[in-house]
Structure formats: C-alpha cells, structure tokens
Amino acid sequence: MEKNAAVLMADLSGYTAMTDVHGGRSAARMVNRYQEYVRTALHGEAQIIQQIGDQIVLLADNLIDALETIRKLKGLAEAGHCFLSIHAGMHYGPVFIENDNLFGSTINIASRLMNLAEQGQILCSSAIIDRIEHTTYNFRNMGKVSLKNVLNDVVVYELITANERQLTIDPVCRMQIDPGMGSIQYRYNDQEYHFCSTGCLRLFISNPGAFVKPDNS
C-alpha cells in the first residue's frame, strides 16, 4: 500500500555516552521509560511503526497528529530529571508500507533530518511547513541543506517548543539536569557544571578535557 503521510523519526541524544558511563541496566531502564513516553505522547491517529532500542519511527496521515506527538514527547523528556533529551526529524510525502515496514524517499529524508538534528532539536522539511495553513507552531528557517544520498537540497526548519524549566546537560553522561533538584555541582575554568551522580563528577575531574570543548576565543 502506498499513501502520503508524515514520517517522524526520533531517538535519544547521548544514549551511547550514557550507556558507557552507567551501564546496560541503566540503558534498559532509560529505553523502557522512553518507550512509555512515546506511547503517552501519541496524538490522534499517529502510530508507532518501528521501535528499535532508542529509535522510534512514527507515521501520521494528519500532520497535526505528528507535530503534537513530537511536541508532547519532547516535553515529557524535558520534564524528567536525569533523562536524556531527544532529537528528531520529520518529512511528508509518499510512503510504501509492506509488512509494517516503510519504504521510499520520505523515510530516508526523515532519517537524514533526525541524524542532522542536534541535542534537543526537532527538524522538519519544507514539505511539512507547506502543508500547514493555520498553526500556532513556531519554526525557524535553517536554509537549504544537502542530505546524504538525497538528490535535491532540502529546506529545513526547526520546530521551536517552549521549555519552562532551566535544564543543563551533564557533560559526562549527557543527561538533562534540573539544577533546582539537588544536582551535584562543580566549577571548572570559571564555569559551573552539573552532574547526575558522584560517578560522573569523578570522571569529569579525572579528565575534564575529554568532556569540555576547548575555548578558542
């Protein structure tokens, strides 16, 4: 079966770093919690097509269902103290579905946009923007980008979502930290860092250069 639909792909930012630091048991708990967030975030008729580890693929005939799902999912991730942020990509176009698998350039572009997105970013193609006539969503135009193995450049937009909490990132395991919830703090080179545990703090102190980008100013 082939139809036009929105394809949304999202996974956890920093999942590998978190697994390396905290181990497989913590990784499994993180993924289980993430999958619960995904199920909670589903809006309207948006449906989960694939769920492999920390990566999900969702399909929605209605663009609003896709946008509401990813907006809610990002909010749930940001509401969780000591949880990883997400990054995501979304594209709209023809999708061929067979045995619950998706085929075609639409899924490829959504995947490339997800990989292009930085920590906490939700990137959408112009195909999404062009099909929303009246919306309360805010987007930032990031210009044309060349995506690997995609014939034509794609105009990319970032979906801007409100975040009422001031979160920082643990530089070691990459988890989101709410400074107001009793995080562990350490000052290095006149900058304050927050950590989820004493274990991450010890790793940082032992080799700060492995976790802090050099200041080239």
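The values are calculated or read from the model by the stated rules, or taken from the named source; none is laboratory data. This structure is a prediction, so every number in the text was calculated from the model and none was measured. With ideal geometry, Cβ positions are generated from the backbone for all residues, glycine too; neighbour counts draw on all protein chains shown.
Only one residue in Gly23, Gly53, Gly44 is at pLDDT below 90, at positive phi and not β-branched (Val, Ile, Thr). Which one?
Result of the check over Gly23, Gly53, Gly44: Gly53.
So which residues in the range 103-123 are of a type in the set (A, V, I, L, M, F, W, C), farther than 15 Å from Asp153 by Cβ and touching a helix residue (DSSP H, G or I) at 6+ places or on another chain (Cβ under 9 Å)?
Just the residues of the range 103-123 that are of a type in the set (A, V, I, L, M, F, W, C), to begin with: 103, 107, 109-110, 113-114, 116-117, 122-123.
Adding the requirement that they be farther than 15 Å from Asp153 by Cβ leaves 103, 107, 110, 114, 117, 122.
Within the range 103-123, just Ile122 meets the criteria.
Whether any residue in the range 64-78 is out of contact with any Asp or Glu (no Cβ under 8 Å at 6 or more places or on another chain), at pLDDT below 90 and acidic (Asp, Glu) is what I want to check.
Yes, there is a match, as at least one residue in the range 64-78 is out of contact with any Asp or Glu (no Cβ under 8 Å at 6 or more places or on another chain), at pLDDT below 90 and acidic (Asp, Glu).
At least 2 residues that are of a type outside the set (A, V, I, L, M, F, W, C) and under 18 Å from His87 (Cα atoms) in each: list the strands (runs of 3 or more DSSP E) lying fully within the range 125-194 that qualify.
138-145, 154-160
Which number in (1) part of a helix (DSSP H, G or I); (2) closer than 16 Å to Ile107 by Cα; (3) under 11 Å from the mean Cα position of the chain (by Cα) marks the one condition that Ala77 misses?
Here Ala77 meets the rest and fails (2).
Given (1) on the phi > 0 side of the Ramachandran plot; (2) assigned by TED's automatic domain parsing to the domain that holds Leu84; (3) acidic (Asp, Glu), where does Asp190 come up short, assuming only one miss?
The failed condition is (2).
Give the residues of the range 117-138 that are surrounded by fewer than 18 Cβ atoms within 10 Å (Cβ to Cβ), over 23 Å from Ala79 (Cβ atoms) and under 20 Å from the mean Cα position of the chain (by Cα), sorted by residue number. Write out each step before concluding.
As a first pass, look at the range 117-138 and keep what is surrounded by fewer than 18 Cβ atoms within 10 Å (Cβ to Cβ): 118-119, 126, 130-138.
Cutting the leftovers down to over 23 Å from Ala79 (Cβ atoms) gives us 126, 130-135.
Hit for the range 117-138 is Ser126, nothing else.
List every residue pair whose Cβ atoms lie under 8 Å apart, where the two residues are 6 or more positions apart in sequence or sit on different chains, the first residue falls within the range 76-89 and is not assigned by TED's automatic domain parsing to the domain that holds His194, and the second residue, located anywhere, is surrounded by fewer than 18 Cβ atoms within 10 Å (Cβ to Cβ) and polar (S, T, N, Q).
Leu76/Thr40; Glu78/Asn163; Ser85/Gln119; His87/Gln119; Gly89/Asn115
Of the residues Ser183, Ser146, Ser126, which single one is of a type in the set (Gly, Ala, Ser) and not assigned by TED's automatic domain parsing to the domain that holds Thr69?
Ser183
Does Leu59 count as assigned to a helix (DSSP H, G or I) and surrounded by 22 or more Cβ atoms within 10 Å (Cβ to Cβ)?
Values: assigned to a helix (DSSP H, G or I): no; surrounded by 22 or more Cβ atoms within 10 Å (Cβ to Cβ): yes.
Criteria not met by Leu59.
Pick from the range 87-116 the residues that are at pLDDT 85 or above and touching a Lys or Arg at 6+ places or on another chain (Cβ under 8 Å): which of them is surrounded by the fewest Cβ atoms within 10 Å (Cβ to Cβ)?
Pro94
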